[in-house]
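Single-structure report; data block below.
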Amino acid sequence: MNNVDGAAMDLITRARAGDGEAFRRLIEPYQRELQVHCYRMLGSVADAEDVLQETLLAAWQGLAGFEGRASVRTWLYRIATNRCLNALRSARRRPQADWDPGGVQLPPPSRLGEVTWLEPYPDALLADRADTAPGPEACYEATEAISLAFITALQLLPPRQRAVLVLRDVLGFHASEAAQMLDSTEESVTSALKRARAAVQQRAAAEPGADPPPPPGSASEQELVAKLTRAYAAGDLDGIIALLTEDVRVAMPPLPLEYIGRELVARFLAAIGFALGRTYRLVPTRANGQLAFGVYLRDPGSGVAHARGLQVLTLAGGRISGITRFSNDVLDRFGLPRTVADA
């Protein structure tokens, strides 16, 4: 049975004859969603970009063997998923960054994070995807399935369980399709899915309960942005702390340090963020479906503010329940500069 329509078959025929433009047109509708898939599997935008290129090269080289029994999209997902599993088996992870806090005495962290390779995903790239509604067996809303919390939970699963959970519960592929992609059986896929769901649910249950975040762009979210921006600009640490939930968590990959609880987070921010009367300019953006800011340290003498990383916020009602800080290395993907005028 052929599951490829006539237009796609024409492109495949031409691509098999060496027509690179036909191949580009064949795979272009799926590139962005495949990159998001690789990001879910790997937790790193840089690694996802690398594996996506490997996937497209493998698809080009393997086009002669494509028989059309599955759709082009399913065929590409099979290649991408297995390339991700290969990358995970190779344990290819970037080394932990060195960080010198300049002699500042930091409070002891609450715990050490396990997913130090985590990177944020720009919402602008999510908006560029084609209309890719998940299959009928998907269990997660689109925003939940790209959140930092969910991406982190995925990284803690064994690779094949991770693949099964994404294919079945995020993308909505049938068990038979997932089994074919993974060269496995439906029974094995079903068993792996059960274990993966249990692990993700157990992690979610261990996290503090939280109210749902306000809708993006809502009056409640805008009010929070305004208060936070004013507090950072004034160096008002008390004003920032007042916006945090009691069980707020601060993480900062690739550093493993995590701080949990308003009191401890206040001590951390006082030591590292707002010492010596520092003030900041915040430039809003969005990452992983969440509110985010480029953070810029103001220099009153020069009128220029210098980048101090990206913060992605997790919101609970009208408060901040999580702050994940990333280094300046991620700013380019968000179109954020290293310096801005101190307006």
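The values are calculated or read from the model by the stated rules, or taken from the named source; none is laboratory data. Since this is a predicted model, take the numbers as computed values, not measurements. Note: ideal-geometry Cβ built from the backbone for every residue, glycine included; neighbour counts use all protein chains shown.
Numbers for the structure displayed
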| quantity | calculated |
| --- | --- |
| Those residues of segment 326-343 which are in contact (Cβ under 8 Å) with a residue 24 or more places away in the chain and surrounded by fewer than 17 Cβ atoms within 10 Å (Cβ to Cβ), in sequence order | Gly335, Pro337, Arg338, Thr339, Val340, Ala341, Ala343 |
| Test: Arg281 is touching a residue at least 12 places away in the same chain (Cβ under 8 Å) and within 22 Å of the chain's Cα centre (by Cα) | no |
| Within segment 1-26, tally of residues that are part of a loop (DSSP other than H, G, I, E, B) and not β-branched (Val, Ile, Thr) | 7 |
| Wholly enclosed helices (runs of 4 or more DSSP H) of segment 171-270 bearing at least 3 residues in the same structural domain as Val295 (by TED's automatic domain parsing), within 25 Å of Asn328 (Cα to Cα) and in contact (Cβ under 8 Å) with a residue 24 or more places away in the chain | 219-234, 237-241 |
| Index of the failed condition, Asn82 passing every other in (1) crowded, with 23+ Cβ neighbours inside 10 Å; (2) under 13 Å from Ala163 (Cβ atoms) | (1) |
| Within segment 1-59, tally of residues that are among the charged types (D, E, K, R) and under 30 Å from Pro253 (Cα atoms) | 7 |
| Residue within segment 279-297 that is within 21 Å of Ile260 (Cβ to Cβ), of a type outside the set (Ser, Thr, Tyr) and assigned to a loop (DSSP other than H, G, I, E, B) present | yes |
